[in-house]
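To start, the structure itself, in structure tokens.
The values are calculated or read from the model by the stated rules, or taken from the named source; none is laboratory data. In this text, all values refer to a predicted model and were calculated from it rather than measured experimentally. Glycine also receives a Cβ, built like all others from the backbone with ideal geometry; neighbour counts cover every protein chain displayed.
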Amino acid sequence: MDVGRCRTVRVPGAGREPFPVLGPARPRARPCRAQTCKPTTSVVPPPVCREFRGIDRRRIGDDKDCHRASAALVPRQLEEYTVHSRPRIVIIGGGISGLTSAHYLHRRLGDGVQVTLVEGGPRLGGKIATVPFGGQAVDVGPDALMVRSPVVATLIDDLGLGDLVVEPNAGGARIWSRGKLRRLPAGTLFGIPDRLLPLLWSGLLSPSGVARAALDIVLPRRPGPKPADPTIAELVRPRMGAEVFDRLVDPLLGGVHAGRADELSAHSTAPDIEGLARTNRSLYLALGRRRRAAPPKTGGAALVTLRGGLATLIDALAARLAGDDIRLGSPASLITRTGDGYTVGLADGRNIEADAVVLAASAGVAAELLGGESPELAAALADVPYVDVATVCLAYPRSAAPAELHGTGFLVPPIEDKLVVGCTWSSAKWPHLANDELVLIRCMVGRRGDNRWLDLDDDTLVDLIHGELVEAMGLTQRPVERHIERWPQGMPQYVVGHQARLDAATTALLALPGIRLTGSSYRGVGLASCIVDAERTADSLAALLSGDRPLTEVAS
């Protein structure tokens, strides 16, 4: 333990009434274990509003009501626990969420924080993995970053990676529909069209399917009560018809989540669609008004990658954390509440003492680690389902493709009953991967409800994927190189009830001061969402530990 000063932070305690009004409580100092420390008292309002951003705002009102709603959720009595003058923070998980959490904690607290990052695997990066393939550095996990988020753009600049940014080539995506690859028409939001003629010309839908979509313009509102947490299908099918949903919306939204859009929560995966459906009679007309009111697009591409692969981002973050205690091959096994913080037990029998813990692992791992301290929290987290996915990279001779590839690749609707969920033409999509001799293709396999590929060996899986590519693209030769990356439990599913699970977890966390959850299990599966959530997590924890900011600032 460092020699210095400790302070007592007052935080929400466990076992209190769930919804009392915050009442006065008299602070008292708790002796520090270090005999040379002079204990001090710091009363820090818990950053409730930040924690309650996951709660459905339709139930608590607008942002201006956030503080009032939060106050109603703060327990009457407050517990205290000792925070050392140089707080000890353990981060569990060395993927993008854990690394960026550590990065932002240092940005907020400087050298006044001790960070220990534990990662159960042999490397940092989590699902971000870059391998040599076809003479290039190719990503076998996510391959792009959404940089329209200023948080992500700023992170890239701060890490000095701006010169490595690569924008994709133009050309757009295709969808495998009705026997062939067809270009995704202009004017869609997650596959919902706001222009009928381009949809008709695309051939994605039958003429009757386009006519059914046009009925949305005149159909009245559906009578009766609406589901509290509707699926995407429940919002789209009644308005636009089955073909729009099956051949446009399901491959686009379901493909992103490796799920099925008739099970995914619209509130948690497509809030734009939910908002339009809730406030407008016609989705088609609402999208048209939205398009006409939108300002002209400026700036570069929304999605970019990095020359050298996204592992470059991981390497840059790791370099910034060179002074921290980073432990690879050290899975956490248990988190235990102690008198002045937490003990993180590792699988090898060692323990780490901490004032705060950031769980940047999957919801299932978090549930196992916290089950002894909060069965309610563990139950909420354990209910987040996952699916197994895989990336199959194939390199073909350029002569194998009957025509030059233009565009980014294609998606496959579940209704087509193929193994391939989506395909990226990597050497056509990314200029730095262009190759005079090889065509580089990445295929995504695995979605909710389709486990046919799980028991296949690599040879059989490649044979089946190759057969589907021959059918879709007309390839005339076998691949000359391959790489298969399997991701067990690789994609969380935001199925109906996801927001309720977040609400339950948020409430349970009030009894565990200094514990934070972040990662793709909660508020977005994309890398940009993970980075934004990690920054919010670091802000919340830094405010709690520093003890020098009022509630209004902490909660803003």
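With the requirement that a residue be more than 18 Å from residue 259 (Cβ to Cβ), in contact (Cβ under 8 Å) with a residue 24 or more places away in the chain and crowded, with 21+ Cβ neighbours inside 10 Å, what does region 370-386 give you? Of everything in region 370-386, those that are more than 18 Å from residue 259 (Cβ to Cβ), in contact (Cβ under 8 Å) with a residue 24 or more places away in the chain and crowded, with 21+ Cβ neighbours inside 10 Å turn out to be 370, 374, 377, 380, 381. Given the structure, is residue 111 acidic (Asp, Glu), assigned to a loop (DSSP other than H, G, I, E, B) and buried (at least 22 other Cβ atoms within 10 Å of the Cβ)? No.
Return a yes/no flag: does region 469-477 have any residue that is closer than 28 Å to residue 452 by Cα, part of a helix (DSSP H, G or I) and not assigned by TED's automatic domain parsing to the domain that holds residue 419. No, every residue in region 469-477 fails to be closer than 28 Å to residue 452 by Cα, part of a helix (DSSP H, G or I) and not assigned by TED's automatic domain parsing to the domain that holds residue 419. Taking the criterion of being charged (D, E, K, R), more than 22 Å from the chain's Cα centre (by Cα) and farther than 19 Å from residue 244 by Cβ, the only residue of region 158-185 that qualifies is 163. Within the option set 463, 455, being under 13 Å from residue 394 (Cβ atoms), among the acidic types (Asp, Glu) and surrounded by fewer than 18 Cβ atoms within 10 Å (Cβ to Cβ) holds for one residue only, 463.
Restricting region 263-283 to residues that are touching a residue at least 40 places away in the same chain (Cβ under 8 Å) and among the hydroxyl-bearing types (Ser, Thr, Tyr), the residue that is farthest from residue 231 (Cα to Cα) is 282.
Is it true that some residue in region 387-401 is in contact with a helix residue (DSSP H, G or I) (Cβ under 7 Å, 6 or more places away or on another chain), crowded, with 16+ Cβ neighbours inside 10 Å, outside any strand (DSSP E or B) and assigned by TED's automatic domain parsing to the domain that holds residue 487? Yes, region 387-401 contains at least one residue that is in contact with a helix residue (DSSP H, G or I) (Cβ under 7 Å, 6 or more places away or on another chain), crowded, with 16+ Cβ neighbours inside 10 Å, outside any strand (DSSP E or B) and assigned by TED's automatic domain parsing to the domain that holds residue 487.
Filtered by the rule that a residue be buried (at least 17 other Cβ atoms within 10 Å of the Cβ) and either in the same structural domain as residue 415 (by TED's automatic domain parsing) or part of a loop (DSSP other than H, G, I, E, B) (or both), region 221-246 gives 229, 230, 241. Counting the residues of region 256-306 that are surrounded by 15 or more Cβ atoms within 10 Å (Cβ to Cβ) and within 22 Å of residue 173 (Cα to Cα) gives 18.
I need the full set of residues from region 136-156 which are in a helix (DSSP H, G or I) and under 16 Å from residue 311 (Cα atoms), in order please. 152, 155, 156 - these are the residues of region 136-156 that are in a helix (DSSP H, G or I) and under 16 Å from residue 311 (Cα atoms). The set of residues from region 509-543 being in contact with a strand residue (DSSP E or B) (Cβ under 9 Å, 6 or more places away or on another chain) and assigned to a loop (DSSP other than H, G, I, E, B) comprises 510, 511, 512, 513, 514, 518, 519, 520, 521, 522, 525, 526.
Conditions (1) of a type in the set (A, V, I, L, M); (2) assigned by TED's automatic domain parsing to the domain that holds residue 525; (3) farther than 30 Å from residue 241 by Cβ, marked per residue:
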{"residue": "288", "(1), (2), (3)": "no, no, no"}
{"residue": "298", "(1), (2), (3)": "no, no, yes"}
{"residue": "330", "(1), (2), (3)": "no, yes, yes"}
{"residue": "344", "(1), (2), (3)": "yes, yes, yes"}
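Of (1) within 30 Å of residue 387 (Cβ to Cβ); (2) not assigned by TED's automatic domain parsing to the domain that holds residue 539, residue 164 satisfies all except one. Which? With (1) within 30 Å of residue 387 (Cβ to Cβ); (2) not assigned by TED's automatic domain parsing to the domain that holds residue 539 applied to residue 164, the lone miss is (1). Of the residues screened, residue 205 is not one that is over 30 Å from the mean Cα position of the chain (by Cα), surrounded by 18 or more Cβ atoms within 10 Å (Cβ to Cβ) and not in a loop (DSSP other than H, G, I, E, B).
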